[in-house]
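Below is one structure; the comments refer to it alone.
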Amino acid sequence: MHSVLRTNKYLQGVATCCALFFFSSAALYASNHLSSPTGAQDRGANISDHWAFLDPNDNTRLVLILSTQGFIVSSEHFGEVIFDNNLRYRFVITRGNETTSNTFIDVTYSPGLGRLTTQTATISLPGGKTFTAPTTVSNQNYTAPPQVVTTDPITGAQFFAGAAADPFFLDDTGANRLVASSLQNPGHPNFSLLGQREGRNTYAGFNTLITAVRIPVALVSGGSNVIGVYVETQRQAVQNVSEDGSYVNPQGPFRNINREGNPLVTNGLIPASLKNAYQGSNPEQDAAGVFRPFIIQDLQNFGTSANNIAAILNQIQVNGDILRINLTVPNSGPEGGNNPDGGFAHQGGRRLLDDVVDITFTAIHNGILTTDFVDRPDKPLQNSFPFVALPYQPFREGQNDHTMQ
């Protein structure tokens with residue numbers, strides 16, 4: 001049996017990187033997967049995760065990846081790889097410690113049918129620039145179709161949308177058992193529960209829908225060395241249902257269904273009764289302290305020290321729940337970047353290989369190195385945009401199913 005504590009290359013400097021984890025009295029589904037009652041029922045709008053990092057091949061380019069509609073199995077994605085044409089998928093970019101912004105990248109999709117048909121995405125960039133791109137089809141072959149990347153000839157922005165193997169990695173069961181222990185024995189959780197399942201990745205074998213853009217940093221930085229990123233899925237306030245059951249002519253202002261800034265916030269630090277409210281709110285309300293007492297209580301249940309609680313609040317509440325990227329922090333290496341002096345532990349955004357679970361649990365465990373022994377995604381990532389792995393396809397006869405719930 002492994003020890004639950006160990007050194008990890010992503011844990012360097014973790015004492016100063018108090019990114020955050022998840023704890024609540026409700027069942028947990030990791031990162032942002034199924035993060036609220038509304039999100040669990042509205043799967044198209046449910047944000048599974050998001051990543052934002054400098055392209056390791058060219059640090060003048062910013063990569064933004066939004067994952068929605070998680071837990072798609074390979075035998076069903078033929079008919080489930082359909083982006084919701086009634087949603088606005090939004091990346092919000094801030095500068096410095098701003099909590100408000102009017103710099104957006106919005107993506108909307110045409111109606112979709114799945115089953116070897118593409119959708120058309122409309123990508124709206126800052127400055128009123130817009131271009132369109134097709135999604136990548138999904139099939140039932142043993143080999144996945146190639147990813148279709150579209151480049152806007154005017155701005156140089158690139159776009160990808162389609163199914164991919166879920167890049168998130170965590171042993172949900174071990175984490176949930178640890179969280180339960182913090183609620184059953186407030187202030188005295190059993191951290192050894194996290195690593196008892198020998199590194200079983202709950203997300204291995206599942207696909208998710210990916211919306212990804214690659215843009216020049218200068219398009220959104222406004223000359224600042226620090227930018228912030230958070231994502232939202234939004235519907236208009238009035239939804240009209242036609243006789244055939246489809247949505248037609250939505251009206252009114254857009255309202256958040258889901259949002260995510262830092263990973264693992266909603267699912268753990270917000271009580272079940274407030275999850276919808278948190279997902280429908282914004283960083284201004286975070287900074288105003290609306291949810292802060294509940295976050296403090298959950299951290300106290302874990303025995304987190306006052307100093308570490310203050311550092312975590314500074315990361316996710318004082319200036320809003322926004323993932324920040326110091327543009328002077330370099331990113332390099334394969335699979336979206338893996339240099340140990342970059343990434344999540346060093347305010348370099350969040351890369352696909354950053355072990356945010358280990359980093360976060362260690363911060364909550366007052367700097368004691370803590371791990372679930374799940375170190376990376378189950379499937380190798382790619383070395384260029386969109387970086388996410390090809391989706392899992394139906395298994396050949398006699399081939400093992402790799403799902404590991």
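Starting with the highest mean, order 161-169, 132-140 by the number of other Cβ atoms within 10 Å, averaged over the residues of each peptide.
On the way: 161-169: 27.2, 132-140: 19.6.
Packing order, densest peptide first, comes out as 161-169, 132-140.
In percent, what relative contact order does segment 9-364 have, based on Cα pairs under 8 Å that are 6 or more apart in sequence? Kindly include the intermediate steps, with their values, before the conclusion.
Working: 856 pairs, mean separation 97.0, N = 356.
Here the relative contact order equals 27 percent.
Suppose every Lys and Arg Cβ carries +1 and every Asp and Glu Cβ carries -1, with no other charges. What dipole size does the chain come out with about its Cα centre, to the nearest 20 debye?
With Lys and Arg at +1 and Asp and Glu at -1, about 400 debye.
Need the full-extension length gain, Gln140 to Asn97, defined as separation in residues times 0.36 nm minus the C-alpha distance. One decimal, nm. Before the final figure, lay out each step's value.
Numbers: separation 43, 0.36 × 43 = 15.48 nm, distance 4.58 nm.
Length difference between fully extended and current span is 10.9 nm.
What's the longest uninterrupted piece of the chain once you rule out the GluC sites (Glu not before Pro) that are loop residues per DSSP with at most 15 other Cβ within 10 Å?
Working: sites that count: Glu76, Glu198, Glu243, Glu397.
Longest site-free region, per DSSP loop and neighbour criteria: 244-396.
How much mean residue ellipticity at 222 nm does the chain get from its helices, if each DSSP H run of length 4 or more adds -39500 (n - 2.57) and you divide by all residues, to the nearest 500 deg cm²/dmol? Display every interim value, and only then the final one.
Working: 10 runs with 73 residues, N = 405.
That comes out to -4500 deg cm²/dmol.
Once the Cα gyration tensor of segment 156-303 is found, what semi-axes does its equivalent ellipsoid get, as square roots of 5 times the eigenvalues, in whole Å, sorted largest first? Kindly include the intermediate steps, with their values, before the conclusion.
On the way: eigenvalues 204, 95, 86 Å².
Semi-axes, largest first: 32, 22, 21 Å.
So who's got an amide H within less than 5 Å of the one on Asn338, skipping anything under 5 residues away but keeping other chains? H placed 1.01 Å off N, in plane.
The list, which skips near neighbours in sequence, is Ser332, Gly333.
Using θ = phi - 60° and the Karplus curve 6.51 cos²θ - 1.76 cosθ + 1.60, what whole-Hz ³J(HN,Hα) does each residue of segment 291-296 get, with Gly and Pro shown as x?
Whole-Hz 3J(HN,Hα) from phi for segment 291-296: 9, 4, x, 6, 5, 4.
Spin-label point model (7 Å from Cα, Cβ direction): what's the Ala310 to Thr117 distance in nm?
The modelled label-to-label distance comes out at 5.9 nm.
Across segment 268-274, in residue order, what do the Karplus-derived ³J(HN,Hα) couplings come to in whole Hz, using 6.51 cos²θ - 1.76 cosθ + 1.60 with θ = phi - 60° and x for Gly and Pro?
x, 9, 10, x, 4, 5, 10
Pulled fully out, how much extra length does the chain show between Ile368 and Val248, if you take 0.36 nm times their separation in residues and subtract their Cα-Cα distance?
Numbers: separation 120, 0.36 × 120 = 43.20 nm, distance 5.31 nm.
Value of the extension gain: 37.9 nm.
When the Cα centres of segment 55-130 and segment 252-312 are compared, how far apart do they sit, in Å?
About 24 Å separates the Cα centre of segment 55-130 from the one of segment 252-312.
Length gain on complete extension for the stretch Asn185 to Lys129, per 0.36 nm per residue less the alpha carbon to alpha carbon distance?
Values: separation 56, 0.36 × 56 = 20.16 nm, distance 5.37 nm.
Residue separation times 0.36 nm, minus the Cα-Cα distance, leaves 14.8 nm.
What three numbers, in Å, describe the spread of the alpha carbons of segment 47-188 along their principal axes, ordered from the longest?
Principal-axis extents of the Cα atoms in segment 47-188, largest first: 57, 45, 33 Å.
Calculate, for Glu397 and Ala272, the FRET efficiency according to 1/(1 + (r/R0)^6) with r their C-beta to C-beta distance and R0 51 Å; round to the nearest 0.05. Walk me through the intermediate numbers first.
On the way: r = 43 Å, r/R0 = 0.84.
Calculated value: 0.75.
From the backbone phi of segment 189-203, what are the Karplus-calculated ³J(HN,Hα) couplings (6.51 cos²θ - 1.76 cosθ + 1.60, θ = phi - 60°) in whole Hz, Gly and Pro given as x?
Result, rounded to whole Hz: x, 9, 5, 5, 5, 5, x, 7, 9, 6, x, 7, 8, 4, 8.
Please list, ordered by chain and number, the residues whose modelled amide H lies under 5 Å from the amide H of Leu62; skip anything fewer than 5 residues away on the same chain.
Hits under the 5 Å cutoff: Asp55, Ile215, Val217.
Give me the net charge of Ile364's neighbourhood, meaning all other residues with Cβ under 12 Å from the Cβ of Ile364; Lys, Arg count +1, Asp, Glu -1. Mind dumping the intermediate values first?
Details: positive: none; negative: Asp298, Asp358.
Once all neighbours under 12 Å are counted, the net charge is -2.
So what's the net charge close to Arg90: Lys and Arg +1, Asp and Glu -1, counting the other residues with Cβ under 11 Å from its Cβ? Don't skip to the answer; put the middle values down first.
Numbers: positive: Arg88, Arg259; negative: Asp106, Glu232.
With Lys, Arg at +1 and Asp, Glu at -1, the net is 0.
Taking every Cα atom in the chain, find the radius of gyration and the maximum pairwise distance Dmax, and write them in Å.
Rg and Dmax of the chain, Cα atoms, are 20.0, 59 Å.
May I ask you to derive the FRET efficiency for Asn225 and Glu76 from their Cβ-Cβ distance with R0 = 41 Å, giving the value to the nearest 0.05?
Numbers: r = 44 Å, r/R0 = 1.08.
Computed FRET efficiency for Asn225 and Glu76 comes out at 0.40.
Against the globular-protein guess of 2.2 N^0.38 Å, express the Cα radius of gyration of segment 140-183 as a ratio, rounded to two decimals.
Details: Rg = 19.2 Å, N = 44, 2.2 N^0.38 = 9.3 Å.
Cα-based Rg divided by the globular estimate yields 2.07.
Hey, can you grab everything whose amide H is under 5 Å from the amide H of Phe302? Only 5+ residues off in sequence or another chain; H modelled, so Pro and N-termini drop out.
Excluding prolines and chain starts, which carry no amide H, the hits are Gly187.
Any read-out appearing in this document is the output of simple, stated calculations on the displayed coordinates, not a laboratory observation. Quick caveat: nothing in here was measured; it's all calculated off a predicted structure. All Cβ positions, even for glycine, are placed from backbone atoms using ideal geometry, and neighbour counts span all protein chains on display.
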